[in-house]
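What follows is calculated from the coordinates using simple rules that are stated; it is not laboratory data. No experiment lies behind these values; they were computed from the predicted model shown. When we count neighbours, we look across all protein chains shown, and the Cβ atoms used for this are built from the backbone with ideal geometry, even at glycine.
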């Protein structure tokens with residue numbers, strides 16, 4: 001067998017490398033592609049959470065500018081349920097993705113070992129934040145029993161009751177689950193979420209998203225050394241090839257070629273794709289104290 005770095009185009013230089021270097025580059029390529037996949041999965045999760053926040057704000061804006069109709073409660077419930085189901089589903093997808101394929105991001109460790117580490121991250125959040133377990137179980141309820149939202153509340157309040165010359169108002173929408181209708185949960189679990197009959201799903205979703213962010217960032221930190229080494233090896237491959245080819249390189253191929261000059265194994269890799277991973281990591285920082293943050297349309301004084 002022979003091993004090559006090449007651009008894979010007609011007339012391109014095929015740079016021969018040894019088997020050990022080929023296997024190093026192959027493994028590094030797998031690590032970086034897997035890591036990018038997890039960052040994209042987290043981006044989809046976070047986008048679905050943002051969609052949920054935006055949907056709530058959108059209905060509050062409609063309350064401000066339109067006369068409410070009887071259908072608004074049904075339509076608001078349906079649209080919020082759609083966003084909640086998307087959020088719950090992608091949250092489960094992302095965690096299971098980390099558990100089942102996280103080992104691809106760490107050279108020299110088994111998938112089972114990495115799965116145990118991710119499980120430990122999740123168990124910590126579950127133990128410290130009852131909202132995490134509640135939302136995890138709520139996804140099961142949605143899958144097997146019923147939709148999450150069974151109450152919606154529009155509200156408008158005057159904020160400067162003592163100034164009749166310039167009255168000011170704020171508008172909001174809250175939605176959630178009534179504990180009396182939550183048949184698939186233990187009573188003590190529901191009590192740990194809310195002391196009254198109504199559970200505010202937006203508030204709980206914020207805590208859940210914060211926990212998901214914590215798990216993801218811990219996983220980033222856990223694989224950081226392996227990912228850094230993989231990036232260095234890929235940069236080395238490009239540097240090595242540029243010594244024989246001065247053209248701008250977007251991507252390279254790894255080839256394994258048999259004695260008949262047939263390509264029996266081929267892998268494409270590009271630093272451009274890994275640059276996207278780095279951009280996603282910079283953009284999506286760890287979320288802290290999300291429950292106590294809110295967006296407002298309040299005018300500046």
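Would you mind checking the tilt of helix 71-101 against the longest principal axis of the Cα atoms of the chain, expressed as 0 to 90 degrees and rounded to 10?
30
Taking 8 Å as the Cα distance limit and 6 or more residues as the minimum spacing, I'd like the relative contact order of the stretch 16-292 as a percentage.
Once normalised by length, the contact order is 25 percent.
Tell me what the chain gives for mean residue ellipticity at 222 nm when only DSSP H runs of n ≥ 4 count, each as -39,500 (n - 2.57), the sum divided by the residue total, rounded to 500 deg cm²/dmol.
-20000 deg cm²/dmol
Provide 90, 159, 124 in ascending order of the number of other Cβ atoms located within 10 Å of each residue's Cβ, fewest first.
So the residues, fewest neighbours to most, are 159, 124, 90.
Post the alpha-carbon centroid distance, the stretch 67-136 to the stretch 164-213, in whole angstrom.
The stretch 67-136 and the stretch 164-213 have Cα centres spaced 18 Å from each other.
Label residue 260 and residue 276 with points 7 Å out from Cα along Cα→Cβ: what is the distance between them in nm?
Between residue 260 and residue 276, the label points sit 3.6 nm apart.
Using a Gaussian network model of the chain whose springs link C-alpha atoms within less than 10 Å, name the residue from 220, 56, 21 with the highest mean-square fluctuation.
For the chain, modelled as a Gaussian network with Cα springs under 10 Å, the answer is 21.
Multiply the residue separation of residue 109 and residue 69 by 0.36 nm, subtract the distance between their alpha-carbon atoms, and state the gained length in nm to one decimal.
In short, 8.6 nm is gained.
Of (i) 16.5; (ii) 22.9; (iii) 17.4, which one was derived for mean projected area of the Cα convex hull in nm² from the structure shown?
Comparing each candidate, only (ii) matches the computed number.
Tell me, what is the FRET efficiency for residue 82 and residue 153 to the nearest 0.05, using R0 = 22 angstrom and their Cβ-Cβ distance as r?
According to the calculation, E is roughly 0.75.
Could you state the angle between the C-alpha long axis of helix 19-65 and the longest principal axis of the C-alpha atoms of the chain, as a value from 0 to 90 degrees rounded to the nearest 10?
It is inclined by approximately 20 degrees.
For helix 111-128, what angle does its Cα long axis make with the longest principal axis of the chain, in degrees from 0 to 90 and rounded to 10?
20
Where does each of 36-42, 130-136 land if you order them by average Cβ count within 10 Å, highest first?
130-136, 36-42
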